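Q: One structure, as structure tokens, below. Some questions next.
The values are calculated or read from the model by the stated rules, or taken from the named source; none is laboratory data. In this text, all values refer to a predicted model and were calculated from it rather than measured experimentally. Reconstructed Cβ throughout: ideal geometry from the backbone, glycine too, with neighbour counts over all protein chains shown. What goes into the accessible areas is simple: the full protein's heavy atoms, side chains included, and nothing from ligands, DNA or RNA. Shrake-Rupley method; radii C 1.70, N 1.55, O 1.52, S 1.80 Å.
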Amino acid sequence: MVNHTRTEKFMLEAARRFNSTLEYEELIESILQLVASAVNSEAALVFRIDHERSNMRIRYMNCSTDCKMEIYEQAMDKGVVGWVSKFKEPVVIHDVKNDERFDHDMWKDVDIEIKSLLSVPLIGKGHMIGVIEAINKNEGQFDESDLDVITGLANQIAVAIDNANLYRKAKRDALEKNLLYEIGKKLSSTLSLNELLKEIVDSLKQAVNFTAGGVFILNPDKEEIDSVYVSGYENCTQNDLHLKFGQGLVGHVAKTGEGIIVSDVSSNEHYIDMHCNTKSEMLVPIEINGRVIGVFNVESDLLNAYDYNDLSLMSAFAASAAVSIERAKLHEQLVAGQKIQQQLSIARQIQISFLPKTSLDIPGYDISGENIPSEEIGGDYYDFINIVDHQIGIAIGDVSGKGIPAAILMASFRASLIAEIRNNYSIRTICQKVNQLLYESMESGNFVTAVYGVLDAKNHIFTFANCGHNLPLLIRKNGDIEYLREGGPVLGVALDAKFEDRPLYIELGDIIILYTDGVIEVFNDKGEEYGDARLIKIIKQNQKKSTKEIRDLIYNDVKSFASESHSFDDFTMIVLKRLK
């Protein structure tokens with residue numbers, strides 16, 4: 001009767017306590033205090049089976065001191081707790097030293113010496129849900145009456161833990177949904193990728209506890225990590241964080257596209273030590289339309305810090321962030337494209353400013369030029385330069401490369417040429433000085449081909465030097481052809497290059513054409529090159545026409561000859577004809 005009264009007393013106390021809260025941690029503290037009080041034990045522990053965990057998370061309380069609850073992580077089925085959870089049988093051990101089920105290593109860090117145990121399985125709705133354990137009877141030994149009391153309480157404890165866990169899960173789900181909603185609003189507030197990555201890491205801290213972590217954005221073209229924003233890796237450089245697909249846990253998740261929990265990083269083959277205190281880690285891929293665009297990574301100083309609830313939450317977070325990241329990346333690419341387009345447009349305007357503004361009026365001569373770039377900025381150049389009365393400089397050039405670098409190189413060539421024309425009258429000296437200036441200012445591998453000549457319109461003399469350029473053509477009125485070969489090598493390659501010049505007498509009706517490789521190096525569907533033979537033919541057929549008409553006929557003939565798939569180079573030419 002006494003035992004029944006004692007059990008009944010604690011069952012009433014249990015009902016009162018358990019009905020006072022649904023908060024999981026508060027309930028567990030209350031259960032531990034109640035168990036220790038019911039059997040007058042020094043300490044107590046509770047273990048709830050969590051099928052989403054690969055280990056045991058044990059909550060322990062020493063009621064002989066401050067009744068502060070502590071949490072220990074242990075391997076599944078370890079010690080007496082593991083034995084009871086496995087076999088679902090209560091056990092009373094009066095001397096743990098002589099019981100093989102007791103694991104001394106499991107309790108080496110607790111603040112008391114464990115001598116005796118009373119361990120009871122918790123059964124709820126016919127299922128094993130955990131273990132409740134009393135540790136060290138304060139007076140005497142645990143007996144049958146103590147076992148009856150704890151066994152009597154076990155059903156209520158099991159129901160209370162189940163209810164509190166369901167409440168905790170529902171509350172957590174609601175909080176997570178609200179958190180994801182608030183985070184989603186934050187992430188939609190910026191289109192800057194750097195700002196977004198910072199916002200993501202800051203928001204992630206609200207969702208999951210971590211001591212180090214971050215977001216890693218992938219570059220699929222290079223198969224490596226391209227953009228990174230992290231927190232907690234103070235001792236790491238950007239190179240340390242720069243990973244290839246498959247390298248480290250981040251690279252592994254990027255490659256496999258599967259989220260993982262690493263309960264103990266020391267036993268994982270993919271782990272790379274970037275945060276010296278890290279013991280466990282969790283990673284999820286950031287995916288959009290089935291394509292991995294990044295990886296979330298969080299690290300903790302505790303073993304087994306993350307469970308599948310955390311993985312599920314971070315996966316939901318990743319799904320929400322993926323859209324914002326992709327939008328920010330696309331915006332960044334658009335802005336970068338607009339900036340490049342703007343820069344190209346400015347550079348093209350500068351390049352256009354190098355070209356002659358108006359047609360040239362030379363008494364007794366008809367002259368016209370044309371420059372049609374293959375891209376926004378080409379590598380070709382032509383110019384008419386006033387020197388003195390009756391003398392005009394004529395230049396055409398082609399630089400290696402395309403785009404902005406080619407425009408910069410061409411600007412350097414033009415500036416050098418203009419400067420040397422003002423300082424020297426000798427064409428060979430001009431070419432030699434320009435070559436030296438380009439050699440000293442250009443990177444290895446770059447070069448310029450050019451033809452520079454001076455037309456003396458009064459005496460009908462054209463003196464020129466060909467610096468490794470396509471051979472200009474002199475087509476005499478009678479149909480004879482001369483190639484303008486004399487000069488020297490390409491500019492900017494050899495510092496001590498030597499050049500020569502040659503004067504030509506231009507007779508009435510003679511035509512000189514200077515051009516770049518984009519005029520003749522054009523191929524048709526049969527793989528045949530347009531070549532200089534076709535160029536000569538069309539000029540001869542139209543010798544009596546104006547230079548502008550000849551120029552346009554050449555351009556149209558080249559375009560109609562070319563294959564539809566041909567990639568055009570810059571098209572530049574100068575046509576000069578003596579009229580009288």
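Q: Could you list, in sequence order, all residues of the stretch 562-580 that are surrounded by fewer than 17 Cβ atoms within 10 Å (Cβ to Cβ) and not in a loop (DSSP other than H, G, I, E, B)?
A: Of everything in the stretch 562-580, nothing turns out to be surrounded by fewer than 17 Cβ atoms within 10 Å (Cβ to Cβ) and not in a loop (DSSP other than H, G, I, E, B).
Q: So, in the stretch 22-81, of the ones that are closer than 23 Å to residue 6 by Cβ and among the acidic types (Asp, Glu), which residue ends up most open to solvent (accessible area, probe 1.4 Å)?
A: 29
Q: All but one of (1) of a type in the set (Phe, Trp, Tyr); (2) surrounded by fewer than 14 Cβ atoms within 10 Å (Cβ to Cβ); (3) modelled with pLDDT of 80 or more hold for residue 413; which doesn't?
A: (2)
Q: What are the pairs, 6+ residues apart or on separate chains, where a residue within the stretch 551-571 that is at negative phi has its Cβ under 8 Å from a residue that is buried (at least 19 other Cβ atoms within 10 Å of the Cβ) and among the polar types (S, T, N, Q)?
A: Taking only residues 6 or more apart or on different chains, the pairs are 551/368; 569/516; 570/371; 570/516; 571/371; 571/516.
Q: Here's another thing I want to ask about it. Please find, among 479, 487, the residue that is among the small types (Gly, Ala, Ser) and either open to solvent by 70 Å² or more (accessible area, probe 1.4 Å) or modelled with pLDDT of 95 or more (or both).
A: When all the criteria are applied, what remains is 487.
Q: I want to confirm something. Restricting to the stretch 249-273 and keeping residues that are open to solvent by 80 Å² or more (accessible area, probe 1.4 Å) and outside any helix (DSSP H, G or I), which single residue is modelled with the highest pLDDT?
A: Filtering first and then ranking leaves 258.
Q: So, in the stretch 82-102, how many residues would count as being open to solvent by 70 Å² or more (accessible area, probe 1.4 Å) and touching a Leu at 6+ places or on another chain (Cβ under 6 Å)?
A: Number of matching residues: 0.
One line per residue, one yes/no per condition, for (1) among the acidic types (Asp, Glu); (2) in contact with a Gly (Cβ under 6 Å, 6 or more places away or on another chain); (3) open to solvent by less than 30 Å² (accessible area, probe 1.4 Å); (4) without any contact (Cβ under 8 Å) to a residue 60 or more places away in the chain:
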| residue | (1), (2), (3), (4) |
| --- | --- |
| 399 | no, yes, yes, yes |
| 424 | no, no, no, yes |
| 430 | no, no, yes, yes |
| 433 | no, no, no, yes |
| 453 | no, no, yes, no |
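Q: In the list 283, 302, which residue meets the criterion of being over 14 Å from the mean Cα position of the chain (by Cα), under 28 Å from residue 55 (Cβ atoms), surrounded by 20 or more Cβ atoms within 10 Å (Cβ to Cβ) and at pLDDT 85 or above?
A: Result of the check over 283, 302: 283.
Q: Is there any pair linking a residue in the stretch 84-111 that is over 22 Å from residue 69 (Cβ atoms) to one that is surrounded by fewer than 18 Cβ atoms within 10 Å (Cβ to Cβ) and among the acidic types (Asp, Glu), with Cβ under 9 Å and at least six apart or on different chains, and which?
A: So the pair list comes out as 86/77; 91/99; 92/143; 92/144; 93/99.
Q: So in the stretch 216-248, with the set limited to residues that are buried (at least 17 other Cβ atoms within 10 Å of the Cβ) and touching an Asp or Glu at 6+ places or on another chain (Cβ under 6 Å), which one is modelled with the highest pLDDT?
A: Checked the stretch 216-248; the qualifying residue modelled with the highest pLDDT is 217.
Q: Now for a different question. For the condition open to solvent by 30 Å² or more (accessible area, probe 1.4 Å) and under 54 Å from the mean Cα position of the chain (by Cα), what is the one hit in 170, 164, 160?
A: From the options 170, 164, 160, the qualifying one is 170.
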